[in-house]
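Below is one structure, written out as structure tokens; the observations come after it.
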Amino acid sequence: LRPLHLCARTGNSETLRVLLRGKADVDAANEDGDRALHFAACRKDSDFVSLLLDARADPTAKNCMGETAMDNAWNEDVRGIFDLKWSNDA
């Protein structure tokens, strides 16, 4: 796993901020095509999702199963973050 993926899987927001300041590739994919945004959405972590989207993570990026991070966002708060970011970008 890449450091950014590990942060998203464990919820380490302080390290995430350090990595983002260091210009970490927010859209780097693992061998399954999952990105940090996929992991954060699966963990139902709206703060992490928001940080990654603010860092320009691509919410339309698909993994090898054809799923976007939003497809994995079963939590209402997380889906709301996606909806809010989409409406602000439109």
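The values are calculated or read from the model by the stated rules, or taken from the named source; none is laboratory data. Quantities reported herein were computed from a predicted structural model and do not represent experimental measurements. In this analysis, Cβ positions are derived from the backbone assuming ideal geometry, glycine residues included, and neighbour counts consider all displayed protein chains.
For the structure I just gave you, tell me whether residue 14 is modelled with pLDDT under 95 and either assigned to a helix (DSSP H, G or I) or in contact with a His (Cβ under 7 Å, 6 or more places away or on another chain) (or both).
Taking the combined requirement at face value, the residue satisfies it.
Check whether at least one residue in the range 34-52 is more than 9 Å from the chain's Cα centre (by Cα) and modelled with pLDDT of 90 or more, and report yes or no.
For the range 34-52, residues more than 9 Å from the chain's Cα centre (by Cα) and modelled with pLDDT of 90 or more: present.
Looking at the range 17-26 only, could you name the residues that are without any contact (Cβ under 8 Å) to a residue 24 or more places away in the chain and in a helix (DSSP H, G or I)?
Result: 18, 19, 21.
Looking only at the range 12-28, which residues are farther than 11 Å from residue 51 by Cα and within 11 Å of the chain's Cα centre (by Cα)?
27, 28
Quick one: what pairs do we get from the range 56-78, first residue more than 14 Å from residue 33 (Cα to Cα) and at pLDDT 95 or above, second of a type in the set (Phe, Trp, Tyr) and surrounded by 14 or more Cβ atoms within 10 Å (Cβ to Cβ), C-beta under 9 Å, 6+ apart or different chains?
As it stands, the answer is none, since no pair meets every condition given.
Look at the range 27-56 and say how many of its residues are under 18 Å from residue 79 (Cβ atoms) and either in a loop (DSSP other than H, G, I, E, B) or in contact with a Pro (Cβ under 7 Å, 6 or more places away or on another chain) (or both).
Residues meeting the conditions: 6.
Name the pairs whose Cβ atoms lie under 6 Å apart, with the first residue in the range 1-15 and buried (at least 18 other Cβ atoms within 10 Å of the Cβ), the second among the β-branched types (Val, Ile, Thr) and part of a helix (DSSP H, G or I), and 6 or more positions between them or separate chains?
7/15
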